[in-house]
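What follows is a short report on a single structure.
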Amino acid sequence: MSIWSRPVLVLLCGLLLLTVSIAVLNTLVPLWLTHDALPTWQVGIVSSSYYCGNLLGTLVAGWLIKRVGFNHSYYLASLIFALATLALALGTGFWSWALWRFVAGIGCALIWVVVESALLCNGTLQNRGRLLAAYMIIYYIGTVAGQLLVSKVSTELMHVLPWVSSVILAAVLPLVFCRVTARQENEETPAGRLWPMLRRRNARLGINGCIISGIVLGSLYGLMPLYLSHQGMSDSTVGYWMALLVSAGILGQWPVGRLADRYGRLLVLRVQVFVVILGALAMLSNAAMAPALFILGCAGFTLYPVAMSWACETVAHHELVAMNQALLLSYTLGSLAGPTMTSMLMQSYSDRLLFVMIAGVALVYLVMLLRKADHHANPVAHA
């Protein structure tokens with residue numbers, strides 16, 4: 001049976017449109033606030049309010065899906081995101097924008113949990129790696145497309161908000177024509193809860209992997225442009241190197257997902273983390289930047305889906321939504337903590353601490369993978 005069922009395809013189509021909108025807004029909101037002469041700390045607070053909204057949205061997503069199902073949760077999340085985006089037109093005051101970006105963060109987190117959970121529930125042990133790889137490919141393609149749109153269209157506030165909101169609402173249309181349900185869903189079985197998922201010993205490596213992935217990707221997204229800029233590069237050159245980094249992540253998703261399905265998550269995770277360390281060391285040693293960034297992006301951007309697959313193999317089918325919440329919450333916490341810690345180290349010592357931090361946390365995770373191997377299953381998909 002093909003993994004590309006109708007629910008999977010419509011979810012990925014909707015995700016692509018939503019990701020384009022998210023990427024455009026995440027780039028332009030700080031610029032709009034800067035143009036209005038808001039101090040840097042207020043711009044930072046507005047950005048942080050979005051991620052705080054992500055945390056709240058992650059916590060309530062399981063309850064919402066249980067009450068109204070995947071389709072209606074997706075509709076509601078998209079509507080929240082669209083309304084919060086349109087509300088930015090009401091004024092560029094600090095408190096107003098902090099509030100509306102917080103609400104937008106809730107909507108985006110709900111969307112991610114709904115899409116990821118639906119894909120996991122419609123997949124099997126044999127194909128979840130490929131499904132999550134497809135999810136990440138679409139996500140990164142949408143991110144790159146959003147960045148390209150920013151460089152090609154007018155970035156005036158009142159020019160951007162109408163078409164971005166229209167794209168968000170258009171993302172609802174694919175799901176209108178298809179009902180998304182969990183494969184072999186049993187209504188009599190109670191859904192899993194979030195907090196017990198975080199305490200599961202046999203899922204700990206997957207949860208820790210999502211935290212590490214959040215730290216690594218949050219640092220790369222948030223601080224790599226700063227590092228490159230401090231090397232004397234122009235904005236366009238920085239954009240080129242960041243595009244290379246993200247493109248490497250896109251190219252690595254599918255082969256890594258297939259390898260994880262075929263040979264098991266443990267072996268693939270070990271190799272990935274080792275390659276992340278090599279890429280960080282290559283950047284520290286002033287090796288050729290193109291291959292160093294390529295292998296860093298290829299390994300770093302594929303950690304999250306493989307770690308997620310690992311953790312999801314340890315739970316029953318009716319617990320997948322709760323586990324997905326736990327994993328996204330872990331990733332979000334890592335993406336908040338990583339740039340904060342790394343930026344303080346860079347400020348106090350050197351910009352090169354970016355790669356020291358990445359190599360350090362990756363090494364800690366590699367030690368976990370090596371030490372705990374005998375105590376955890378190493379699921380391998382059957383051919």
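The values are calculated or read from the model by the stated rules, or taken from the named source; none is laboratory data. Quick caveat, the model's predicted, so the values are computed rather than measured. All Cβ positions, even for glycine, are placed from backbone atoms using ideal geometry, and neighbour counts span all protein chains on display. Surface accessibility is based on the protein's heavy atoms, side chains included, excluding ligands, DNA and RNA. Shrake-Rupley method; radii C 1.70, N 1.55, O 1.52, S 1.80 Å.
Quick look at the values:
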item	result
Boolean, LEU11 is touching a residue at least 60 places away in the same chain (Cβ under 8 Å), under 19 Å from the mean Cα position of the chain (by Cα), within 30 Å of GLU156 (Cβ to Cβ) and crowded, with 16+ Cβ neighbours inside 10 Å	no
Any hit, the stretch 204-217, residues being basic (Lys, Arg), open to solvent by 10 Å² or more (accessible area, probe 1.4 Å) and in contact with a Gly (Cβ under 9 Å, 6 or more places away or on another chain)	no
Residue, modelled with the lowest pLDDT, within the stretch 18-59, restricted to residues that are open to solvent by less than 40 Å² (accessible area, probe 1.4 Å) and in contact with a Pro (Cβ under 8 Å, 6 or more places away or on another chain)	VAL43
Scope the stretch 104-131; condition surrounded by 20 or more Cβ atoms within 10 Å (Cβ to Cβ) and β-branched (Val, Ile, Thr); matching residues	ILE106, ILE111, VAL113, VAL114, VAL115
Residue count for the stretch 92-102, restricted to those that are hydrophobic (A, V, I, L, M, F, W, C) and open to solvent by 40 Å² or more (accessible area, probe 1.4 Å)	4
Elements of type helices (runs of 4 or more DSSP H) contained in the stretch 281-366, each with 1 or more residues being of a type in the set (A, V, I, L, M) and over 19 Å from ASN208 (Cα atoms)	289-300, 320-348
Some residue of the stretch 138-148 being open to solvent by 30 Å² or more (accessible area, probe 1.4 Å), of a type in the set (Gly, Ala, Ser) and on the phi < 0 side of the Ramachandran plot	yes
The stretch 65-84, residues that are touching a residue at least 24 places away in the same chain (Cβ under 8 Å) and out of contact with any Gly (no Cβ under 9 Å at 6 or more places or on another chain)	ILE65, LYS66, GLY69, PHE70, ASN71, SER73, TYR75
Residues of the stretch 251-276 satisfying the condition of being β-branched (Val, Ile, Thr) and surrounded by 21 or more Cβ atoms within 10 Å (Cβ to Cβ)	VAL256, VAL268, VAL273, VAL276
Residue list for the stretch 200-225, filter: at pLDDT below 75 and either among the basic types (Lys, Arg) or not in a helix (DSSP H, G or I) (or both)	none
Pairs, first under 16 Å from LEU90 (Cα atoms) and acidic (Asp, Glu) in the stretch 159-176, second part of a helix (DSSP H, G or I) and open to solvent by less than 70 Å² (accessible area, probe 1.4 Å), C-beta under 8 Å, six or more apart	none
